[in-house]
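The values are calculated or read from the model by the stated rules, or taken from the named source; none is laboratory data. Please read all numbers here as calculations on a predicted model, not as lab measurements. As a convention, Cβ positions derive from the backbone with ideal geometry for all residues, glycine included, and neighbour counts pool all protein chains shown. Heads up: the accessible areas ignore ligands, DNA and RNA and are worked out on the full protein's heavy atoms, side chains in. Shrake-Rupley method; radii C 1.70, N 1.55, O 1.52, S 1.80 Å.
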Amino acid sequence: MFGLPLVFAFPAVLLALASLPVLYYLLRVTPPNPNRVPFPPLRLILDLQPQDETAARTPWWLLLLRLAIAAALILAMAGPVLNPLPTGAGGKAPLLVVIDDGWAAAPSWDTRQAAASERIEAAGRSGELVAVAAVSDAGREIVLSDATHAVERLRAIKPLPYMPDHLALLIPIKKLVDAAPKTQIVWIADGLAGGHAREFAEKLARLGARITLVTSPQAIRALAGPENRSDGLKIRVLRASAGGVSQGIVRALDPKGLAIGETRFEFSKASLETKASFDLPVDLRNDIARLEILDERSAGAVSLLDARWKRRTVAIVSDETADVSLPLLAPNYYLHKALAPFADVREATPGTPDPIGVLLDQHPAVMILADVGTLSDTDYARLKQFVDDGGLLLRFAGTRLAAGSDGLVPVRLRRGGRVLGGALSWETPKRLAPFDTQSPFLGLATPKDVTVRRQVLAEPDADVPGKTWAHLVDGTPLVTAAHEGKGMIVLFHVTADTTWSNLPISGLFVDMLRKIVDLSTVLTKPDATNAGNEKVESVPPTSILDGFGVLGAPPPTAKPVPINFEGAATADHPPGFYGPPDQLLAVNALRATETLQAADYSGLGFAQEALRQAAPTDLRPILLAIAFLLFIADSLASLWLSGGLSRRFGRAAAAIVVIGVAASLGPVSHLRAAPRADAPLSQSDLQSALNTRLAYVISGDPDVDGESKAGLTTLSQVLAQRTSLIPGTPVGVDPAHDELAFYPMLYWPIVADRPQPSAAAIAKVAAYMKQGGTIIFDTRDALTAHTDGPPTPETLWLRQLLHGVDVPQLEPIPPDHVVTKTFYLIDGFVGRYETGQTWIEALPPPNPADGQRPARAGDGVSPILITANDLAAGWAADDNGDSLYALMPGGTRQHELALRGGVNLVMYTLTGNYKTDQVHVRDLLERLAH
């Protein structure tokens, strides 16, 4: 596009060129003596001697050329515009631009601001006053100003992480229209029905102003309702309309923002909802703090997870005799069915002598005792310690508990119990009363068909009302709770099966258990469960999402939320994390059950337009440039027709054109030329030749390459700290283009969806392995690979890569292999996972003459190692030395073992089998003995 200075220069250039034929004509009428003309260009013009003084006629093509020049100049003066904005109402009518600034506008925010800015600038060129109003401005007065101030106001508007209400903007708009009846309104809407969009549109239409509605054809997508179920973590993926992209990726991140996993989703042809599922181990799923739609860039496309979405471990101990005889009628059957959707249920193997002790060793979050009466001293002490340390003990009544109580109950109990509706009872079964405000069950509906036939009664102590979470219509407690140390004890005064009530077969039972299990993460403060307190505790904002879905510092307008807050985000409670770092509460832009609905603007008489990417383009510079070039062609043609353009000069001009074309093609031919055999080394190769550096093969996946670089960087730092080797900065290499001979060890992460290397690259890899290099192939599939199952996509990709490569016979690394003793004495090579197998070149059979030696090796270093444990993720650490990635099963010990294995691998590739020498046998045996 030509700039403005060039446009101003065109008239001067055109005037100068136009004067040349006039000057030539004047000089031909009264020709002076050329020898007396001091100016060489004029002397050249005077030397031109045409054959004919006047052309008999103008050639048709020259006439057409001059007509084209005139047409280009006329069109340029008319000021044509490509992709013009609609013209206004005329008469310098004011312009009001209304822009939706909720989270739904964030993905196309740049386009929205560009469209609004173009209209404001167009109105400014017409001398119109402009005003800009965001939907979130609510009751703020709308003031008309010039275009410059309006653009500044527009740039200050940013998308909000919630859905603002449109109706609050009606009063300021009405005041503006009443003051300036000819006001034009351009509403750049987000296209969603939320925020009373239809009602706002209807009332806006009644104002009588000319309204243009601008909407984006881009489909809006969002996340809602995550569920951490037994078969995986699932989340609803929503869209407002069936058009647009039907596929995408949901990514899971841990609290540090590091990726844990990704999964694809796809909408059916007309569906507005689908689900994305993460099939990961429970420990990894519990580390997920954020789910997001990749490249969506909005707060609605982010779902934050707190401890409520963690899948807690719940242990159940019940009557073993009943379990064996009638398993479908036993209490643990009903408990297991109710808990399975949101918890991992653990039960001891039938016949276990000490089921309570066995389950406590598995560190559950909740321990359930279903009608367990007398406890042994050992079990009582362990359960007491479990509760004191922050555990939640949930007990159910029954004949055993009614016969003999112990100290692990929230209230004192009467022996026996009360029977309702029996043959010897005057009372009928009782229904549940509505839950009180101090109960964590507040908000749950109490079905009328849930009745209690028998219960264990509490002694009427003064503190019983404050410990009661649920009671019957006659006021007798049904569920009581009390804090004990850092934990809590909760008691259902009925059985966990249907012998005393039909509560266990109702949906209310599932909801009550869910509420109780959720409390297992917030037991550090007595007020957290609101037991016995009328006032609900609130927690302040810690980090808040902006409209684009980025976490940041909370704004001053954000207010604390109740600890049991479960609604959608609002202006007072924007989405983000609330509370202390160890007890974060997540608030999301959408409720769990919310759906997206496209707004309906039909029948309102709005002029509708689509939000466009193309901006209006002024064509005047282009037309002036065309006129300039045509004028030069006309001048050259006139000189040629008059004989002033000599044949020799014409040939020279043709030669110049040919040379210019050849010069333009020269760089292309140079790029295609084969590289010189004696080309100098690159700076990276030179550094690798001068200093030992670890290298990884670039996979093409940015996340995997970042993981490889981070892992090798940490390993290089550990080598520099613990050994005499000081390696350089790790480097990524491409086997097809880079020289591999500079690197003693290559780490190659396998990414199944990447294309296979070329045949030439595979040949270089084979030569590298034959010449002494070692490649560690890491399939990173320890979680999905099964011994008896089909090969994983990563394994198939590696098999195809190594097809035709001379790979030696491999075996799992034996315990006495020298690679396990080159620096540290280790048992295996762990990374992010520790269950995968690691393979190495098979050793020859031991020689009986050598005796029993602590370390064995082959003739040289193995050219290949294959592992599935994701070594680089296990090596990678942050500035504090903590692991960058979530390890499975996890812990600092696993990270340290991964680093030790990495040190051994590097030492093995650099030193070979020196540890098998006889001189090291005594030291190795002494260390192995310890």
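In the complete set of protein chains, residue-level accessible area for residue 839 is approximately 100 Å², probe 1.4 angstrom.
Remark: relative contact order (region 720-869) = 27 percent; criterion is Cα-Cα distance under 8 angstrom and separation of 6 or more residues.
Sequentially through region 166-180, phi angles give Karplus couplings (6.51, -1.76, 1.60; θ = phi - 60°) of 6, 4, 5, 8, 5, 4, x, 5, 4, 4, 5, 5, 5, 6, 9 Hz, Gly and Pro residues having no value and appearing as x. Accessible surface for residue 182 stands near 150 Å², nearest 10, in the context of the full protein assembly shown (1.4 Å probe). When only alpha carbons are used to place a centre, region 562-619 and region 788-846 end up 50 Å from one another.
Protection proxy ranking for 222-232, 445-455, using the average of other Cβ atoms within 10 Å per residue and placing the highest first: 222-232, 445-455.
Around the amide H of residue 194, modelled in the peptide plane, lie the amide H atoms of 597, all under 5 Å away and 5 or more residues distant in sequence or on another chain. Between the amide H of residue 484 and those of 489, distances stay under 5 Å, these residues lying 5 or more places away or on another chain, with hydrogens modeled in the peptide plane. Listed by chain and number, the aspartates and glutamates whose alpha-carbon sits under 14 Å from that of residue 430, ignoring those within fewer than 8 places in the same chain, are 449, 474. Straight-distance candidates among the aspartates and glutamates for linking to residue 158, with alpha-carbon spacing under 14 Å and chain neighbours fewer than 8 residues away dropped: 100, 101, 110, 137, 190, 546. Across region 357-398, the mean sequence separation of Cα contacts (distance under 8 Å, 6 or more residues apart), normalised by length, yields a relative contact order of 56 percent. Can you give the accessible area of residue 118 in Å² (nearest 10), computed on protein heavy atoms with a 1.4 Å probe? The accessible area of residue 118 comes to roughly 40 Å². Remark: accessible surface ordering of 117, 538 (largest first) is 538, 117, probe radius 1.4 Å. Close amide-amide hydrogen proximity is noted between residue 186 and 96, 97, 98, 212, each under 5 Å apart and 5 or more residues distant or on a separate chain (H modeled in the peptide plane; Pro and chain starts excluded).
Bridgeable aspartates and glutamates around residue 203 (alpha carbons under 15 Å apart, same-chain partners fewer than 8 residues away excluded): 165, 178, 600. Pairs exceeding a 31 Å alpha-carbon distance, out of 234/448; 448/515; 559/709; 486/559; 275/337: 234/448; 559/709. Residues 389, 879, 618, 101 ordered from highest to lowest accessible area at a 1.4 Å probe: 879, 389, 618, 101.
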